[in-house]
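What follows is one structure encoded as structure tokens, with my remarks underneath.
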Amino acid sequence: MNIISKRSSLGLAALLAISLTGCGGGSDSPGDGMGVLNLSVSDGGIDAAKVCIKFDGVQIKPTGEDPPIEIILDEPVTVNLLANQGANAQPIIYEQIPAGTYEWIRLMVDAARGNDAGSIDTDRMEEQCLADDGSYLLTENEHYSLFIPSGDQTGLKLIKDIVVPANSSGDYTAEWDLGKSFIAPPGLAPDAIMKPVVKLVANNEVGTLVGQVADGLVLADTCDPDFAPKVYVFDDGVPPNPIDYPPEDSDAPFEPDPNDPVATGLVELQDQGGGLMQYRYSIGFLLAGLYDPVYTCDGETFVLPLDDQPEALIEAGETTTVDFEIDNSGG
């Protein structure tokens with residue numbers, strides 16, 4: 001049997017992907033010494049109905065003494081991250097900026113306390129967010145208006161050596177784990193605090209992991225009906241273990257654990273054409289390297305992949321396939 005079982009608390013997990021691109025060529029190519037800031041968003045698996053984030057613009061800080069460059073959107077963009085899963089992304093900003101190196105980028109997010117964002121959004125089947133509201137999250141039964149402490153002053157600041165080449169391309173992605181980024185202590189309802197756990201990676205260093213999960217694994221009697229089935233991706237050699245989320249009544253921020261999965265992907269029923277339906281997952285923006293993926297339908301019991309693919313080798317710009325079969329789950 002290739003099953004490993006440990007206790008776990010449940011939570012949400014997702015990714016926000018941001019692409020910063022300096023590009024040239026064509027009628028829209030920048031002038032000498034210029035590049036283009038091309039900003040998109042994407043998401044990984046999350047157990048929720050909607051995660052709506054409203055973007056007003058960005059600031060990006062050149063290396064050295066120059067002040068940050070501020071790009072304000074003519075019309076704010078509200079993105080439902082759940083409509084942009086796996087390696088998919090939604091464009092947010094396309095703007096020329098001077099080519100060169102940058103110290104950080106700050107996402108200007110509309111997430112203020114007490115604005116009751118999303119309170120009239122009751123359609124959990126509709127992907128569209130309410131464009132005039134701020135940022136909010138809907139689960140199957142709950143509504144949360146999201147706010148960032150001191151968000152008006154700090155936004156979401158991502159620190160990394162960023163390069164936008166002249167007349168060339170430099171792509172980056174911010175991985176935002178939503179499950180570790182929300183705090184909803186008693187007394188704040190319907191508000192919830194957003195303290196994002198985010199890392200920024202270069203797109204030329206990342207690949208994508210996809211695969212199929214056998215029906216019997218997703219529909220097993222041992223699965224937790226309140227847990228959305230997922231694939232957890234651990235660093236090579238890290239034993240599979242549950243994500244240790246803070247208690248629901250805690251107001252403490254999430255403390256990352258080096259043994260936590262580096263990414264998670266939601267397993268969903270997908271139409272493969274010709275009436276063929278399969279349970280599949282897709283996890284984008286993984287740094288190139290070796291990983292140990294596992295499947296779970298309760299957050300604490302883990303099924304390993306097929307015996308002939310115990311590890312996943314992620315290569316930059318490539319898609320790796322790892323499947324999970326019922327006969328490899330034990331019995």
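Rank by packing, highest mean first: peptides 218-224, 208-214, with packing defined as the count of other Cβ atoms within 10 Å averaged across residues. Don't skip to the end; give the middle numbers.
On the way: 218-224: 12.9, 208-214: 21.0.
Per-residue Cβ counts within 10 Å, averaged per peptide and sorted highest first, yield 208-214, 218-224.
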> Can you sort Lys61, Lys230, Lys195 so the residue with the fewest Cβ neighbours within 10 Å comes first?
Replying inline: Lys195, Lys61, Lys230
>> Name the residue from Gly274, Thr296, Val233 whose Cα lies farthest towards the positive end of the charge dipole of the range 207-328, charges +1 on Cβ of Lys and Arg and -1 on Cβ of Asp and Glu.
In response: Gly274
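Based on the mean of other Cβ atoms within 10 Å per residue, sort peptides 138-144, 315-321, 50-56 so the most packed one is first. Display every interim value, and only then the final one.
Details: 138-144: 15.6, 315-321: 13.1, 50-56: 23.3.
Highest-to-lowest ranking by the protection proxy: 50-56, 138-144, 315-321.
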> Percent relative contact order of the range 207-328, based on C-alpha pairs within less than 8 angstrom and at least six residues apart?
Replying inline: 41
> Which whole-Hz couplings ³J(HN,Hα) result when phi for each residue of the range 93-109 is put into the Karplus expression 6.51 cos²θ - 1.76 cosθ + 1.60, θ = phi - 60°, listed in order with x for Gly and Pro?
Replying inline: 9, 9, 8, 6, 9, x, 5, x, 9, 9, 8, 7, 10, 10, 7, 8, 10
> Which value in nm describes the separation of the simple spin-label points at Leu188 and Asp123, placed 7 Å from the Cα toward the beta carbon?
Replying inline: 2.9
>> Counting just the Cα atoms, what span does the range 207-328 cover along each of its three principal axes? Round to the nearest Å and put the largest first.
In response: 49, 36, 24
> Which order do peptides 232-242, 284-294 fall in by mean Cβ count within 10 Å, highest first?
Replying inline: 284-294, 232-242
>> As a quick test, which of the pairs Lys160/Lys230; Lys160/Lys199; Lys157/Lys199 have an alpha carbon distance above 19 angstrom in this structure?
In response: Lys160/Lys230
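Read the figures in this text as sums done on the coordinates, not as results from a lab. Computed from a predicted structure; not experimentally measured. Virtual Cβ from ideal backbone geometry, glycine too; neighbours counted across all protein chains shown.
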